[in-house]
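Asks: Please see the structure below; I have some questions.
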Amino acid sequence: MDASPIYQLPLDTLHQIFSSLPLRQIMICRSVCKLFYQILTSSCFIDLISTGPPLTLLALRPPHHHHNHNRHVSCPSPSLLVFDPDHDEWLRFTLDFLPFRAPHPVASSLGLVYLWADSADSPESNKSLVVCNPLTREFRVLPQLGSAWSRHGSVLVDSANRVMVLTELAALYFSGSGSNQWLKFSSNLPSKPRSPILVSESVYALCDVGSPWRSQWKLFSCTIGKLKKCESWSRLEKHEWGDVFDILKRPRLVRGSGKRILMIGGLKSSFTLNASCSTILILRLDLETLEWDEAGRMPMEMFKCFQESSKFKVFGGGDRLCFSAKRLPSLALWDRSRGKGDWRWIHQLPGTGDGLCRGFVLQASLKPLPLPLPLPLPQLSLIH
């Protein structure tokens, strides 16, 4: 190996050669030999490619029983399970560099993963939000929060320096600048928010304003500025929308591409109280024009697999959505990244397939944290 011609190349030349590779190939090349590992994990090379295009993956959140496990029971090494839709492969990024009990990933933005974790030396169950990059193995602990926030709050992120934990009664906001603490505001929502999302400077959520006998979902929004002043949320509605919220059963929101949000639910066959669903519908709202359009609907043959389940889960974002249901060993994938809405199955789903899968989009990159830690970098492992 010492006689290999590649050892004769200048380091700058090697950097230029490897920087032309996609991120996925760079991660694989790290495990080829010691020379490649040293080159591809050096700080100067990471700085060179840190602004390159990310690797778009679909990450799975651990099941709830892993999140609330008995802390005295040993568990396998924590990891983040992701699916690469461009190569139809499951990948696993280890989280063993985190010195916490039961890390529970819940959200991601700009290549960084946000997770709930218990301090390893804490006698109490004191949850903290931790931000990390699984590719660079760097992490930072945000100011500590109580366990109630982790059980009842939705974690919303849209940049590395802006995080929100939202409940029906209150909202916590952390900007990463100024004082190193959470700011608490009253949320003033009419009901528990369903699938809230953070888009630019505004938060959007669905709330049930109906009666105990019949749900009536409406879309609410509030800017971060108004939230800080504890001002009321605004109900987004237009006469032209008609019955857009009545045609869907159990709707939920997902952030779309650009300034768009997606609303997904079962398409009711009628307006009766317990109407059956004929398929799963994806509606898209343009936040600039406030106009809805249909982005996609699940093919009937695929929807038949979801009819037997009382409910389904959807996660993803942008132009890709994943659908899961109980006792379904595969995920349904809606993919519009190539311009049209294609539907296909994601098979070989890890686990038994008995539970409902939840997850988020991970734009994996080698973006460093503001305070990098000198830790060894991981290998990329395929799941067969």
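No value in this document is a laboratory result; all are computed from the given coordinates. Owing to the predicted nature of the structure, the values given are computational and were not obtained by experimental measurement. In this analysis, Cβ positions are derived from the backbone assuming ideal geometry, glycine residues included, and neighbour counts consider all displayed protein chains.
Asks: Run the quick spin-label model on S50 and K218: label points 7 Å from Cα toward the beta carbon, then report their separation in nm to one decimal.
Replies: Taking the simple label geometry, S50 and K218 are separated by 4.6 nm.
Asks: Still on this model: Go through L23, V82, H239 and say which Cα lies farthest out towards the positive end of the charge dipole of the chain; charges sit on Cβ, +1 for Lys and Arg, -1 for Asp and Glu.
Replies: H239
Asks: Please list 3J(HN,Hα) in residue order for segment 235-251, calculated via the Karplus relation 6.51 cos²θ - 1.76 cosθ + 1.60 where θ = phi - 60°; whole Hz, with x for glycine and proline.
Replies: 8, 7, 7, 9, 4, 5, 5, x, 9, 4, 8, 8, 7, 10, 9, 6, x
Asks: Using Cβ contacts closer than 10 Å as the measure, can you line up D118, D208 from fewest to most? The partial results should precede the final answer.
Replies: Details: D118 19, D208 16.
Neighbour counts put them in this order, fewest first: D208, D118.
Asks: Follow-up. In nm, what is the difference between 0.36 nm times the number of residues separating S232 and L183 and their Cα-Cα distance?
Replies: My answer for the length gained is 15.9 nm.
Asks: Let me know the charge dipole size of segment 223-287 about its Cα centre in debye, to the nearest 20, where only the beta-carbon of Lys, Arg (+1) and Asp, Glu (-1) is charged. Kindly include the intermediate steps, with their values, before the conclusion.
Replies: On the way: 13 positive and 6 negative charges, 80 e Å.
Dipole of segment 223-287, to the nearest 20 debye: 380 debye.
Asks: If you split all Cα-Cα distances of segment 5-49 into 10 Å bins from zero, what percentages do you get per bin, shortest first?
Replies: The percentages, shortest bin first, are 28, 65, 7.
Asks: List the relative contact order of the chain as a percent without decimals, with contacts defined as Cα pairs under 8 Å and 6+ residues apart. Mind showing how you got there, number by number?
Replies: On the way: 771 pairs, mean separation 63.9, N = 384.
RCO, the chain: 17 percent.
Asks: Find the centroid of the Cα atoms in segment 132-183 and in segment 194-259, then give the distance between the two in whole Å.
Replies: So the two Cα centres are separated by 22 Å.
Asks: Quick check: residue separation of H239 and V141 times 0.36 nm, minus the Cα distance between them. What number comes out in nm?
Replies: On the way: separation 98, 0.36 × 98 = 35.28 nm, distance 4.59 nm.
Stretched fully, the H239-V141 segment lengthens by 30.7 nm.
Asks: Which value in deg cm²/dmol, rounded to the nearest 500, describes the helix-derived mean residue ellipticity at 222 nm for the chain, given -39,500 (n - 2.57) per DSSP H run of n ≥ 4 and division by the residue count?
Replies: Details: 8 runs with 53 residues, N = 384.
Helices in the chain give a 222 nm mean residue ellipticity of -3500 deg cm²/dmol.
Asks: Show me, bin by bin at 5 Å from 0, the whole-percent P(r) of segment 242-353 based on Cα pairs.
Replies: Here the calculated profile for segment 242-353 is 2, 11, 23, 24, 20, 12, 6, 2, 0.
Asks: Further question: For the pair L35 and W292, what calculated FRET efficiency results from E = 1/(1 + (r/R0)^6), where r is the Cβ-Cβ distance and R0 = 45 Å, to the nearest 0.05? Before the final figure, lay out the partial values.
Replies: Values: r = 55 Å, r/R0 = 1.22.
Efficiency at R0 = 45 Å is approximately 0.25.
Asks: Here's another thing I want to ask about it. Given the pairs K218/K311; K229/K268; K184/K313; K229/K249, which span a C-alpha to C-alpha distance of over 28 angstrom in this model? Write out the running numbers ahead of the final one.
Replies: Values: K218/K311 20 Å; K229/K268 39 Å; K184/K313 30 Å; K229/K249 34 Å.
Listed pairs above 28 Å: K229/K268; K184/K313; K229/K249.
Asks: Evaluate the distance, in nm, between pseudo-label points positioned 7 Å from the Cα of D12 and of D342 along their respective Cα→Cβ axes.
Replies: My value for the distance between the label points is 4.2 nm.
Asks: Now for a different question. What spacing in nm lies between the two simple spin-label points modelled at S19 and R250, each 7 Å away from Cα in the Cβ direction?
Replies: It is 5.0 nm.
Asks: By count of other Cβ within 10 Å, fewest leading, how are S187, S147 ordered? It would help to have the intermediate numbers written out before the result.
Replies: Details: S187 20, S147 14.
Ranked by crowding around the Cβ, least crowded first: S147, S187.
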